[in-house]
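The values are calculated or read from the model by the stated rules, or taken from the named source; none is laboratory data. A quick note: this is a predicted structure, and the numbers were derived from the prediction, not measured. Every residue, glycine among them, receives a Cβ derived from its backbone with ideal geometry; neighbour counts consider all protein chains shown. Only protein heavy atoms, including side chains, enter the accessible area calculation; ligands, DNA and RNA are left aside. Shrake-Rupley method; radii C 1.70, N 1.55, O 1.52, S 1.80 Å.
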Amino acid sequence: MQLKIAELSDIDNVLKLHAKYQISTIQEEDKKDGFVTTALTKEELTKLINEEQGLFIAISEGEVVAYVMSASWQFLASWPIFAYMMDDLVNLEYLGQKITPENSYQYGPVCVDKSVRGSGVLEAIFDFAREQMSKKYPILVTFINKINTRSYAAHTKKIGLEMIQEFSFNNNDYYELVYDTAKALKNERLQTPQD
Ligand SMILES: CC(C)(COP(=O)(O)OP(=O)(O)OC[C@H]1O[C@@H](n2cnc3c(N)ncnc32)[C@H](O)[C@@H]1OP(=O)(O)O)[C@@H](O)C(=O)NCCC(=O)NCCS
């Protein structure tokens, strides 16, 4: 398996994976294993790559099998939920400091194809993206829909994200989670997924 920062030529394959698990296009039987709420377009991913270098992918046998998006709050401010979260950061403290739009970034969406789930791909791509983003930001912030129990279990038990608060937005209930980007993941499975 290869981990890399996505290039413009990877976007179509990322969107193919995204469509499989995005809430409006996911197969009914897949919903129990998690879904992505954020809708993404080719234009948005192009901007994300050009302006932030914020798209990370895992490739296996020529297919994109996982992606992680990570971006500054400024980049995300036109999505209502991110604007809401950004305005609320001032009320949160982590690592002995107030969280701000400057010392933190937003992790997610993240998506792992069902063919490779549970194999350590999530941990590997998380850590790859974390390492890149840690060069600019000490704090990762993210949210998970409370009904996405698989994502919550994976991110709290395996990755070690810490729940900092709960919030509701647009009739959905979310956990908000944080992570110290200086902390490399110590997981024996990080090295195992290979072609
Ligand atoms: C969420 C996601 C990234 C997690 O990656 P993953 O490779 O599936 O994670 P893992 O299988 O390593 O870990 C999931 C854990 O949740 C548990 N789990 C599995 N199904 C579950 C469910 N329906 N409810 C609660 N926990 C569940 C598993 O048992 C596993 O823990 P274990 O290995 O200790 O038993 C992946 O499933 C995915 O991409 N889902 C679709 C999109 C999505 O939900 N993205 C996240 C949006 S916030």
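Computed quantities for the displayed model
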| quantity | calculated |
| --- | --- |
| Computed [θ] at 222 nm, deg cm²/dmol, the chain (DSSP H ≥ 4; -39,500 (n - 2.57); rounded to nearest 500) | -7500 deg cm²/dmol |
| Distance in nm between pseudo-label sites at residue 87 and residue 147 (7 Å out along the Cβ direction from Cα) | 2.5 |
| Sequence of 133, 1 when ordered by accessible area, the most exposed leading, probe 1.4 angstrom | 1, 133 |
| Contour excess over end-to-end distance, with Cα ends at residue 119 and residue 136 and 0.36 nm allotted per residue | 3.2 nm |
| Eligible lysines near residue 146 by straight Cα distance, threshold 27 Å, same-chain separation 8 or greater | 16, 20, 31, 32, 98, 114, 157, 158, 183, 186 |
| Area of residue 24 that stays accessible when all protein chains are in place (1.4 Å probe, Å², to 10) | 90 |
| Summed residue charge, Cβ within 12 Å of residue 27's Cβ, Lys/Arg positive, Asp/Glu negative | 0 |
| Separation of alpha-carbon centers, the stretch 104-148 and the stretch 5-59, rounded to whole Å | 13 |
| Percent antiparallel among DSSP beta bridges (both partners in the chain, rounded to 5) | 90 |
| The stretch 2-191 - percent relative contact order, Cα under 8 Å, separation 6 or more | 19 |
| Heavy-atom accessible area order for 150, 117, largest first, 1.4 Å probe | 150, 117 |
| Cα-derived Rg over Rh, computed across the chain with Rh taken as Kirkwood radius | 0.93 |
| Relative contact order computed over the stretch 99-195 (Cα-Cα under 8 Å; 6+ residues apart), in percent | 34 |
